[in-house]
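Engineer: Before we start, here is the structure in question, set down as structure tokens.
Nothing in this text is a laboratory measurement; each read-out follows from the coordinates by a stated rule. Since the model is a prediction, treat every value here as computed from it, not as a measurement. All Cβ positions, glycine included, derive from the backbone under ideal geometry; neighbour counts span all protein chains shown.
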């Protein structure tokens, strides 16, 4: 007979491993969107997964290309931030709600849109992998902001890097070193 304390420890460790894998999946999706990495985005979905963004419904494998095309056509850059995240795990099924903040630099690079919403997800663990089966997106607020500070003499003189929408982005460099390539600056 297995000690009840050991059983509880095993359950707790499995729960923590599942929660971490689910959060990693949600974060991988957001990172893939910002880097325009369709392969990374698609890896967040099971092959039969579905994504609903308003009237646009795409299969998980097709969503990455749709998202990349939509983002490229409407923005110069963007950041998808996952904030509050709740998750109920029931065996190999998880029901999640992730609050999101999307900041989209307009193509004019002078304005930005801030979008607040939520991802309502059902994930399933198949073959040991947690991935999205259904994602439904909400928009709770949206506003336009002035982004002209990015072009001010003070800011541009600071030499900050900015991300790229490809695998040349700093986040892909391994190992990351100060002398590894010259990233794009503002």
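Engineer: From Cα pairs below 8 angstrom and at least 6 apart in sequence, can you work out the relative contact order of the chain, rounded to a whole percent?
Structural biologist: The normalised contact order for the chain reaches 18 percent.
Engineer: Follow-up. Could you list the square roots of 5 times each eigenvalue of the Cα gyration tensor of the range 1-48, that is, the equivalent ellipsoid semi-axes, sorted largest first and rounded to whole Å?
Structural biologist: Here the semi-axes work out to 34, 10, 5 Å.
Engineer: What number, rounded to the nearest 500 deg cm²/dmol, is the helix-based mean residue ellipticity at 222 nm of the chain, given -39500 (n - 2.57) per DSSP H run of at least four residues and division by all its residues?
Structural biologist: Numbers: 4 runs with 56 residues, N = 186.
Only helices count here, giving -9500 deg cm²/dmol.
Engineer: Say a paramagnetic label sat at a point 7 Å from the Cα of residue 109, along Cα to Cβ; which residues of the range 70-85 have their backbone N under 15 Å from it?
Structural biologist: Backbone N within reach: 75-78.
Engineer: If you don't mind, another one. Roughly how many whole Å is it from the C-alpha centroid of the range 119-186 to that of the range 48-77?
Structural biologist: Here the answer is 16 Å between Cα centres.
Engineer: In whole Å, largest first, what are the principal axis extents of the Cα atoms in the range 86-186?
Structural biologist: Each principal axis gives a Cα extent; for the range 86-186 these are 54, 38, 19 Å.
Engineer: Here is a further query. Compute the helix-to-body angle for 4-35: its Cα long axis versus the longest principal axis of the chain, expressed 0 to 90° and rounded to tens.
Structural biologist: Approximately 30 degrees, to the nearest ten.
Engineer: Just need log10 I(q)/I(0) for the chain at q = 0.15, 0.20 Å⁻¹, Debye formula, equal scatterers on the alpha-carbon atoms, no solvent, rounded to two decimals.
Structural biologist: Relative scattering, expressed as log10 I(q)/I(0), comes to -0.96, -1.39.
Engineer: Does the range 135-177 classify as rounded, prolate or oblate by the C-alpha gyration tensor (a ≥ b ≥ c root eigenvalues; a/c under 1.5 gives rounded; else a/b over b/c gives prolate, otherwise oblate)?
Structural biologist: oblate
Engineer: Also: Any chance you could run the full-extension gain for residue 156 through residue 180? It's 0.36 nm times the residue separation minus the Cα-Cα distance, nm to one decimal.
Structural biologist: 6.5 nm is the gain from fully extending residue 156 to residue 180.
Engineer: What ranking, highest mean first, results for peptides 42-52, 174-184 when packing means the other Cβ atoms within 10 Å averaged over each residue? Can you show the working numbers first?
Structural biologist: Numbers: 42-52: 19.3, 174-184: 8.1.
Listed from highest to lowest mean packing, they are 42-52, 174-184.
Engineer: What Rg and what Dmax come out for the range 68-126 when only alpha-carbon atoms are used, in angstroms?
Structural biologist: 15.1, 48
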